[in-house]
Amino acid sequence: MEDQEAVSRAIADSDAICPLFVFDPSFYADSGLACDARIQFLEEAVASLDRLYAATPAPATHVSATSGGHELEATTESAMPASDPGGTPPDTLQCADPPGLTIGYGDPVDLLARFVDQGWNVVTMATPTSRYGQRRDERAREACGDAMTFVSGDGLVRDAEWPRSDWQPQITDWLAASQHAPGWDDHDTVRVAIQTSVTPALVDRRFDIMPTKTKVPVGTHRAATTTLREFADRIRSYPGNISAPQDARDGTSGLSPYLNFGLLSVRQAHQYVDENAPSCRGAEMFESRLVWNLHYNQKLVDWPGWTEKAVNPVFEGQNEDRHDDSLITAWKQGRTGFPMVDASMRCLRKTGWLNFRMRAMCASFFTHILHQPWWIGADWYHHHLIDSDVGINYTQWQSQAGLIGKPSQRVYNPRKQVRDQDPDGEWIAEWIPELAALPSEFLDRPEKAPLAVQDECGVQIGETYPRPVVDFEARREQFWSRYERQRPVAARELRRQKIAKRASFSGGYNAARAIAAKHGDSEDDATKGTQVALDELSGGEAANADPPPSESSTTDTRDPRDTSADLDRSPGQTPIPSGTGETAGEPSPDDRTAVEGQQQPDSGDDDTSAEADAEPTGQTRFGDFE
Ligand SMILES: Cc1cc2nc3c(=O)[nH]c(=O)nc-3n(C[C@H](O)[C@H](O)[C@H](O)COP(=O)(O)OP(=O)(O)OC[C@H]3O[C@@H](n4cnc5c(N)ncnc54)[C@H](O)[C@@H]3O)c2cc1C
């Protein structure tokens, strides 16, 4: 309700408002993409919003669904049961009595159209959507016509030919501007609540929502503000707690589900920290990450196709011919034989959360080492993450999978991650109990533990814990070999406006063109046949058979071309990204301008240890990479 322009605008412009939430059955049962824990988090958030509205100072009118002419419980779907069959719902799903929020169930477009027929206008926030959400919003626009307004008040740039021109200053201004406040005291707006029989608890029961995940945060506004307050108090220790997964669990803010479901706006979090936290590197790093949230969501606004297609057409269909169910299952179940990957994947399934580094490592492993199609992994994350934000998850996946056409790419080494992030094996023991007795020096490669050691500690690699499902080095070389053949063609594609728009670099079209000019092949090369044809580049055994590139096999991040020089820069323009990254994890290298000036690697912090087995390539090192 706070810092929601749709709400404050509706209160300012109307005599009466009717805050409405519609449970859409498409998000439930087999048609839904979310795990039960995320669904319940949403239900809790709706109940919490209902209680918030009920407590507002506005004069309220309560009408029953039938007397008000709105049979909200039944639209195209069958009606809710008349009463809650399952007894008392959990406290977090309790609604106010009388209600603050009108809660409906069914196809939201049908329901909104019926409100419009009765003379209401609909005001809602525009949110970055794709797939079903995008189609639903289009249908709503069509069905409600002029009575429907999507308000753009989340800082993102819409309806511009090149939304990334001048993006950073706009975001900076938005973050500093006053929050939207619901002006209950300034207007005589009446709040209408239509009493329906639909409640979050009832929907929860109807679909047998039974979360099995542990450590899931509670979806209430109070929990959101408490989480923010407590984080601001310990923000000095944030930089040192980002990289190791066991430290990150309580060391990063834990705010992502609240930001994703709108219990807190990015600006509220930013301003709270600005005003209440000590001025320190932790605060700077956190504020940059909030900008990254906007940066990735801007990408989805700029191109809703991120969930379905590779940004760069050169990579469309990548790895589809290598699809291997057994490898995918091993990855999902945490049984690949690579302990850091397996611990992460088990933790994701069990808790719905992972820190950035582990998310990135497992995505990299899935695409670069297992050679599986990126979208299968992205959908798996989307299902399990409590904080799954379509605008971040899918854009991050494409970036980690190397589908953009940037000149450099990172391949994580999960063995090195054990040595760097979990040298004592504390986290691995938590998630892979069958390895708990193995001395920690063998945890990076359990299959190398001598048989005598295995016997002594009762761990049998190949029996109690799997051997590696693939040969890491060989797979990595196959990836590099293929990638280095594809890269010049992919870079060239960035010259095309359509592709540059999709990629949505913070440096805009100039950044895309600069990459194309420096790293792309020329059309001539391609037509003369000095480059491989696009269809050959999509993979295949021939590509795999190529000799490995000359760099050391321990290199994680590669760009054999010298990218250290600054790319061309027109006067007055934002610096053009060099294609390499200096900031922690993301934004991706080409998007550096999104955070420019906000974060500089600082050798004193724990998370600046870098990818120590990444050879210097003459580029900016990934000094602050999470
Ligand atoms: C493959 C992959 C998928 C991801 N999917 C999601 C997702 O669905 N939802 C999501 O919120 N984050 C996602 N992230 C980014 C990041 O891992 C999470 O934001 C972070 O782990 C959430 O924990 P936190 O709130 O404690 O983070 P903090 O470190 O406390 O960060 C504060 C906030 O900043 C934003 N943020 C932090 N890191 C990033 C980042 N790298 N990119 C964009 N925003 C960032 C988030 O809103 C986060 O809540 C993904 C990263 C990868 C590599």
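Taking Ala181, is it in contact with a helix residue (DSSP H, G or I) (Cβ under 7 Å, 6 or more places away or on another chain) and crowded, with 17+ Cβ neighbours inside 10 Å? No. Set side by side, the residues Pro169, Pro128, Pro211 differ, and just one is of a type outside the set (Phe, Trp, Tyr), touching a residue at least 12 places away in the same chain (Cβ under 8 Å) and within 22 Å of Trp292 (Cα to Cα), which is Pro128.
Quick check, is Asp274 part of a helix (DSSP H, G or I), within 12 Å of the ligand (Cβ to nearest atom) and either free of Cβ contacts under 8 Å to residues at least 60 places away in the same chain or within 29 Å of Arg419 (Cα to Cα) (or both)? Considered against the rule, which asks whether it is part of a helix (DSSP H, G or I), within 12 Å of the ligand (Cβ to nearest atom) and either free of Cβ contacts under 8 Å to residues at least 60 places away in the same chain or within 29 Å of Arg419 (Cα to Cα) (or both), Asp274 comes out as no. Quick check: anything in segment 396-418 buried (at least 24 other Cβ atoms within 10 Å of the Cβ), under 26 Å from Ser130 (Cα atoms), of a type outside the set (A, V, I, L, M, F, W, C) and more than 16 Å from the ligand (Cβ to nearest atom)? So far as segment 396-418 goes, yes, one or more of its residues are buried (at least 24 other Cβ atoms within 10 Å of the Cβ), under 26 Å from Ser130 (Cα atoms), of a type outside the set (A, V, I, L, M, F, W, C) and more than 16 Å from the ligand (Cβ to nearest atom). If we keep just the residues of segment 379-395 that are within 9 Å of the ligand (Cβ to nearest atom) and not in a loop (DSSP other than H, G, I, E, B), which is farthest from Ala34 (Cα to Cα)? In this case the residue turns out to be Thr395. The condition of being within 10 Å of the ligand (Cβ to nearest atom) and assigned to a helix (DSSP H, G or I) holds for only one of Ala248, Ala224, Ala232, that being Ala248. Taken together, the residues in segment 352-366 that are in contact (Cβ under 8 Å) with a residue 40 or more places away in the chain, more than 8 Å from the ligand (Cβ to nearest atom) and hydrophobic (A, V, I, L, M, F, W, C) amount to 3.
Just one of the listed residues (Asp321, Asp387, Asp342, Asp325) is of a type in the set (D, E, K, R) and closer than 29 Å to Arg158 by Cβ, namely Asp387. Of the residues making up segment 243-256, not a single one is touching a strand residue (DSSP E or B) at 6+ places or on another chain (Cβ under 9 Å) and either of a type outside the set (A, V, I, L, M, F, W, C) or in the same structural domain as His180 (by TED's automatic domain parsing) (or both). Comparison of Ile235, Ile194 shows that the only residue that is under 25 Å from Leu348 (Cα atoms) and surrounded by 20 or more Cβ atoms within 10 Å (Cβ to Cβ) is Ile235. The criterion of being aromatic (Phe, Trp, Tyr), surrounded by 21 or more Cβ atoms within 10 Å (Cβ to Cβ) and farther than 30 Å from Ser504 by Cα does not hold for Phe207. Residues in segment 318-339 include none that are within 12 Å of the ligand (Cβ to nearest atom) and more than 24 Å from Arg222 (Cα to Cα).
Across segment 329-353, the qualifying residues are those that are outside any helix (DSSP H, G or I) and not basic (Lys, Arg), and the one among them that is surrounded by the fewest Cβ atoms within 10 Å (Cβ to Cβ) is Gly337.
The values are calculated or read from the model by the stated rules, or taken from the named source; none is laboratory data. What you see is a predicted model; the values in this text were computed from it and never measured. Here the Cβ is made from the backbone with ideal geometry for all residues, glycine too, and neighbour counts use every protein chain on show.
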